[in-house]
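This report concerns only the one structure given below.
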Amino acid sequence: MIDIRNITKSFGDRQVLAGISGTFKPGDTSLIIGGSGTGKSVLLKCMIGLIKPDSGEVLYDNRNFLSGDINEQKAIRREMGVLFQGSALFDSKTVLENVRFPLDMLTDQSESEKLDRAQECLKRVGLDKATDRMPSEISGGMKKRVGIARAIVLNPKYLFCDEPNSGLDPLTSIKIDQLISEITDEFKITTIVITHDMNSMMEIGEKIMFLYQGHKLWEGNSNTITQSDVKELNEFIYANKLLREAEK
Ligand SMILES: Nc1ncnc2c1ncn2[C@@H]1O[C@H](COP(=O)(O)OP(=O)(O)OP(=O)(O)O)[C@@H](O)[C@H]1O
C-alpha cells in the first residue's frame, strides 16, 4: 500500500503540485491521468525519490519514505520497479543483459541464479525466444516488454510505469496494459501507471486519479469515470475521444 499525503511542489514561483493525497492498494493497477503539464510526472518522481517535494509525506506500507532513516529509504527503493517512458534500455546490451542488469547491480546472486531469474522474467512477458537480440532488433512493443521484465526482476512490491503506451499502436497498447495488470494481480504489486490513453482508462483503471493544474480534481474507477460531473474531466475525456476518432 502506498499513501501520499498533501504533496506540494513548486518550481520557482510556479506551483506544479498543490497538495495531492491518495492511497494505492496492492493488487490494483492505479492510474494517474491528466492533460499535458498537469504534474503527473512530477508527482511520480516525488513518489520514487527523484524529486524532493516541498511538503507532504509518502508512506510505503506505513514506512515514511521522505523522512525515514537512510537505510529504510534504501530498503524501500530496493522494493520499487520502474518502467520509464521509452523503455530506457541499454542499446549495447542484449535483451537478457538488460533484464539481468538490476541483479548485477543490486544483488550478490550467483551467475546461474541471475540467469535463471532473468530468463524467468523474460518468459513471463513472452520474450524467452528473444534473449540474445539487441534492442535495435526488436519492436517498440517488445522493448516495453523487456522494460517490464527488467522492472519486475527484483520482485518489486511497488511498480511505477510512466506512459507505458507511448509510441505504441492501439492493439499493442492494450496487450502491454493487460500484461501490467496481470503481473500486478499475480504478484499483488501496488502499481501506479501514468497515462493519458483512454483505452487504458477503460480497460485497467481499478483506481483512477485525475490531475488538473496540480490539483486532484477527481478520483474513481473505469466504471464511474464517464458519470463524473467534473467539467475538466469531461473535457479531458471528450478531447481524448476526438483524438481517437482522428487517429482511426
Ligand atoms: N525540473 C523542473 N524544473 C522546472 N519545471 C519543471 C521541472 N519538471 C517539471 N516542470 C514543470 O512542471 C509542470 C508539470 O510537469 P509534468 O512533467 O509533471 O507534466 P505531466 O503532467 O507529466 O505532462 P506530460 O503528460 O506532458 O508528460 C510542467 O509545466 C513542467 O514544465
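Please treat every number below as a calculation from the coordinates, not as lab data. Here the structure is a predicted model, which means the values were calculated and not measured. Because the Cβ atoms are built from the backbone with ideal geometry, glycine has one as well, and the counts that use them run over all protein chains shown.
Listing for the model above:
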{"quantity": "Taking 84, 160, 11 and counting other C-beta atoms within 10 Å, the order from fewest to most", "calculated": "11, 84, 160"}
{"quantity": "Karplus-derived 3J(HN,Hα), 6.51/-1.76/1.60, for each residue of region 119-134, Hz, glycine and proline x", "calculated": "5, 4, 5, 5, 5, 4, 9, x, 10, 5, 9, 10, 4, 9, 7, 8"}
{"quantity": "Mean Cα-pair separation over length for the chain, i.e. relative contact order, pairs under 8 Å, 6 or more apart, %", "calculated": "27 percent"}
{"quantity": "MRE, 222 nm, helices only [DSSP H, n ≥ 4, -39500 (n - 2.57), over the chain, to nearest 500]", "calculated": "-12500 deg cm²/dmol"}
{"quantity": "Least to most buried among 142, 105 (fewest other Cβ within 10 Å first)", "calculated": "105, 142"}
{"quantity": "Whole-Hz couplings from phi, Karplus 6.51/-1.76/1.60, listed for region 52-67; x for Gly and Pro", "calculated": "8, x, 6, 7, x, 10, 10, 10, 9, 6, 6, 9, 7, 6, 8, 10"}
{"quantity": "Sorted by Cβ neighbour density within 10 Å, fewest at the top, the residues 60, 238, 212", "calculated": "238, 212, 60"}
{"quantity": "Counted charge near residue 210, where neighbours are those whose Cβ lies closer than 15 Å (Asp, Glu -1; Lys, Arg +1)", "calculated": "-2"}
{"quantity": "Integer Hz, Karplus 6.51/-1.76/1.60 couplings in order for region 86-93, x for Gly and Pro", "calculated": "x, 6, 6, 7, 7, 5, 8, 10"}
{"quantity": "For region 111-229: relative contact order, % (alpha-carbon pairs under 8 angstrom, 6 or more apart)", "calculated": "19 percent"}
{"quantity": "Filter on 93/129; 9/74; 123/143; 25/188 - keep pairs with C-alpha separation over 18 Å", "calculated": "9/74"}
